[in-house]
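No value in this document is a laboratory result; all are computed from the given coordinates. What you see is a predicted model; the values in this text were computed from it and never measured. Cβ sites come from the backbone with ideal geometry, for glycine too, and all protein chains shown count toward neighbours.
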Amino acid sequence: MKENIKNIALGICIGASTIRAVKLLKKDNNEIEIKSKETYVHNGNPREMLGNFFRNLKDNNIYLAVTGRKFKNLLSVSSISEAEAIEYAIKYLGYDGKYDTIASLGGENFIVYTLDENGHIQDTFAGNKCASGTGEFFLQQISRMNIQVDEAVKISEKSEPYLVSGRCSVFCKSDCTHALNKGIKKENVVSGLANMIADKAIELISKTKCERLLVTGGVSQNYNVISFIRQRYKNVTVTENSEYLEAIGAAIYAFNTGSSYSGENVIVKNSTVFNFLKPLSEAEGLVKFSESKKGFVNPGDECIIGLDVGSTTTKAVIIKVSDCSIIASEYLRTNGNPINATIECYKSIKEKLTVPVKIIGLGTTGSGRQIAALYSLTKGIVNEIIAHAVAAAFFDKDVDTIFEIGGQDAKYTFLTNGVASDYAMNEACSAGTGSFIEESAKESLDIGYKEIADIAFKSARPINFNDQCAAFISSDIKTASQEGLPKEDIVAGLVYSICLNYVNRVKGNRQVGKKILMQGGVCYNKAIPYAMANLIGKEIIIPPEPGLMGAYGVALEIKNRIELGLLEKQEFSLDKLINREFIYSSEFICSGGKEKCDRKCSIALIEIEGKKYPFGGACNKYYNQRLNIITNPAENDFVKIRRDLIFYSSDSKNIESTKKTIGINKSFLTNSIYPLFFNYFNKLGYEVVLSDNVDSRGTDKMRTSYCYPAEISHGLFYNLLTKKPDYIFLPHITQMHSKNGSQYNRLCVFVQGEQYFLKSAFSDEKLPELLSPVIDFSKSEKEIKKAFYSVARKLGKSRQESDIAYDFASNEMRLIYERLYEHGKKFLKEIEDDSVEFGIVLFGRAYNSFAKEANLNIPHKFASKNIKIIPHDMLPVDGFEAYENMYWYTGNQILPAARFVEKHPKLFGVFITNYSCGPDSFIIPYFRSIMGNKPSLTLELDSHSADVGIDTRIDAAIDIIRNYIEINKYRDGKKLKEKNKLLEVKYNDSQITVIDADNVSHNITSRNIEILIPSMGRFSTSAFAATFRHFGMNAYPMPVPSFNTLQHGRGQTTCKECLPFILTTGSLIEHLKNKKNKDLITLFFMPHGYGPCRQGQYHIMLKDIISEMNIDNVGVLTMNDENAFSDFGDDLFMLAWLAMMIADVIHDIESVILALAKDKETGLEIIEAEWDKIIKSIETG
């Protein structure tokens, strides 16, 4: 049959990783058959691939349509959305009525569609943009293990899956790395990856009422993923067309609409959406690379081996004790097997040694330090923060700042007198690490890591990908490629992105000293130090062999310990180290020991030279056993004492049991006031049932992204339902009582909203009756009793019975807290003993830091290291203030305790927070500000945090604290440089006075004062500024924030605050940088409220930033929502309200013109002219 324009249609789907093309043939009887199906991997450059495709296309004069991601930017042909394409394909393939759900599992995105009986899409559920859980991420991870995709699918088919993270790519990557470091087999890790991907799909599918599922997309060909999905859903289908569904639909659409193609060039050129950065060459002269000098060795010289086992690479050096010179070294890929990499390093060192030497010490560092030390049978284990600091100080005694970027971690270290005294690590993002740039270049651009620097230096306009999440940067790389931007600019932008991430998210607003040393494997890519120098504008020194500094540092540290008598000399034989038998013989579950830990860690039993060693676990138990370290965790862990008193000190005696049960969710404030709830209901005659396990079936029901404690709440609630209580007590608590006298003690919106989001999430479950009073514990006892009686009345109890029960319960809780405070006094007394180095105070919300469901055993980790640890709410903090305008209950608990700790010479703080916690984005900077130069540790956790990553941070913190204590013994008592005096704004009966740094008073209407109104929309900002000018003030509207504004804001914030705060901060900083009249007093206007929204903290944090930057004659002008913003008087308030209403109307008119006007240009000109008149009227009217 002859083919012509009337019977051939081509459908193209442009995906994140591939291009799929389907050609359909329409027969004479109008029957359509699939003629061909092709897949092309575009390696991040679909424009080039499509250009080649169309040049080689022999079939001209055909029908053509495209679908897929951002396809409109590429081709000037007919296009449809993926959802439309799917509908066309369903009808053509006869799938209508056959499936009720489609899961489209692609390289970058997962989308689930629900279908009606006619095959029409009813609803769509899309996964978040995190890279973990996608097809592309699977390919990245098996590549790190040096496995091809076919092999990965094959070896994992019947393997037990190892649990890995599904929330974020950095956590998943960490889990995989640490699993391999613990000796978990590759096939189990690969199976765990497949299981995690399936879970991500199931998470979306579970939002539907799926009974008949069709899986499409490239991931549909991974039958391990499909098998895990089939464990959850019975009717799961993968067809021969699953990969091509969207392309088939596009071809059908082309037939139906007559969208033709006649061989013309359909590739279009578009303007870019990106901004650009300085060429790397502009850093010439700011980066100094030091030359490497190898030492010479004589037979019998004493030497020490340093081994740095990282997630991506493993490094080793052997140094000569007499002069600390490196006589041999090795740098190789870990490839997911730390023991094999360790052996290969030993082999390499042996080959490079030309004479026999005497090895008297061996030290390990890096993420695989523990397993490598066990294999090597050495006690010399050093965390990488200290190893790098020791190497840097040895290399250059004047170095005071270290930037270190490794394969999976990025670290900042500040040195005082050559000793690490402050540090930070990346908390939850892989975008600022070496493995990210390597994997992104390879996966998105098909560029090997050795090519990156040469390509980047050719860039004239590096793209600004910013410091965002790794997944978003990867997506932007694809967008840039599709826009046709030069590969050099993309690669240079990728280089800049990890430096931006480091500067904004790791270093943050910590100090940068006089001499910066940058190290880590990424520095072999010379483009990265150049990008860093351009960003910070300071000279950067790159040491010899920057990737070996960890290995060199641990060798130096072992030498120091031997010389100080802290570590005995131990002879090591390279032959034995190379040929040592190392067998993973079995596993067992830890019984918990005398401290009755119930975490049930899986422990590997490793056999070395005929002796078996238990290895692993969340604490130091088996490490201590191996090294004969005696500890008593039970006596050190006051967090467990608190938990036992809160939950297990109440007995179950009641007057007369009704045999009925009241269920209480062990979430949020239950971790603080459970004794009140328990004793109240127990006194009323009810048995209390408490949830005791986080059930993943509950977390699967979450309908949106929540913080970790809210995620736990879902899991605990499901567990509670399985206990079948007669009632569930789920109060809405608005405020708590606080002893520090704060006017407000509000609670986070998620804490307040628990009963509402749980009822929504569990709407498909048959729930027992919920008892959900609204309680404000800041009110009088009479009001509180009234709220409790509203519950008792539903249970058939009298007011008198309720009041008696409440009085009893309140007294019981008071007694428990008195016991807690007594334990706090005991702790402080024990800390004063000279035999105790220091103690740790654990900060954070009780349901984060003190709850075993959330804190990942961190208190026990410290306790097992012989360090006493206590919750902050057991300390005597009466008389210590919180912070200005602190209206959060937890802030009013945490910050006075922080001031107590800062004053105590033997106490140091550890703050546990969780990913995306709103209040903590402000409380933590306040906490750090209070601590000043005193070191503290912040740990950001969620359900996927890895033990090894936490252990690294804890070990580093302990060493930093010890160094700090030692340094403080020799301080000369000099005070830190005093900061400039801040502007003071005084309000007195609508009269506002500004007192400057020289103590001179100025009226608010002075011409020496400028008032900046932050952008809140062009019209609203102009109208508000005009209102101020009406009353004689020199006010100006700030422009709409630009990308540069965002950059300025990120440079002075932690980047965890809400976006409006970062933008308003950036607006102020940008203005001050460009300010011409430096003598002019600048007031930045920022209204405030009293929570729970974070906006009420903006003006406080802004004042802190101004103080930290030490800027003269800059202050914050604020007004208060509690008095209807009447600080400036009623007249100004009324005119401002009227002006804002007018601005809203004008904005609406502008929107209508933009959407509907035939002559938009003239319409907008009229708007501008009339708006100028309105502004003048507000000013003068």
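A few comments on the model shown:
- Modelled label reach - residue 969, point 7 Å along Cα→Cβ, the range 872-911 residues with backbone N closer than 18 Å: 905-907
- Placing unit charges on each Cβ (+1 for Lys and Arg, -1 for Asp and Glu) gives the chain a dipole about its Cα centre, and among 556, 669, 127 the Cα reaching farthest toward its positive end belongs to 556.
- Taking the square roots of 5 times each eigenvalue of the Cα gyration tensor of the range 237-292, largest first, gives ellipsoid semi-axes of 50, 22, 10 Å.
- The calculated 222 nm mean residue ellipticity attributable to helices in the chain amounts to -12500 deg cm²/dmol, summing -39500 (n - 2.57) over DSSP H runs of n ≥ 4 and dividing by all residues.
- Dipole-positive endmost among 482, 535, 434 within the range 427-539 (Cβ charges, Cα centre): 535
- The charge dipole of the chain, taken about the Cα centre with unit charges on the Cβ atoms of Lys, Arg (+1) and Asp, Glu (-1), comes to about 1740 debye, rounded to the nearest 20.
- DSSP-defined antiparallel bridges as percent of all bridges, the range 624-774, nearest 5: 10 percent
- Here the range 427-539 is treated as a sphere whose radius is the Kirkwood value from Cα pairs; by Stokes-Einstein at 20 °C and 1.002 mPa s it diffuses with a coefficient of 153 µm²/s.
- Convex hull (Cα only) mean projected area of the chain, reported in nm² to one decimal: 51.8 nm²
- Between residue 794 and residue 234, the simple spin-label model (points 7 angstrom out along Cα→Cβ) gives 3.7 nm.
- Dimensions (Å) - the range 660-751, Cα atoms, principal axes, largest first: 41, 39, 16
- Under 5 Å, built H, 5+ apart or other chain: amide partners of residue 290: 542
- Annotation: the antiparallel percentage among DSSP beta bridges lying fully within the chain is about 50.
- Percent antiparallel among DSSP beta bridges (both partners in the range 984-1180, rounded to 5): 40 percent
- Check: the range 427-539 dipole with +1 on Lys, Arg Cβ and -1 on Asp, Glu Cβ, in debye: 580 debye
- Contour excess over end-to-end distance, with Cα ends at residue 150 and residue 613 and 0.36 nm allotted per residue: 163.1 nm
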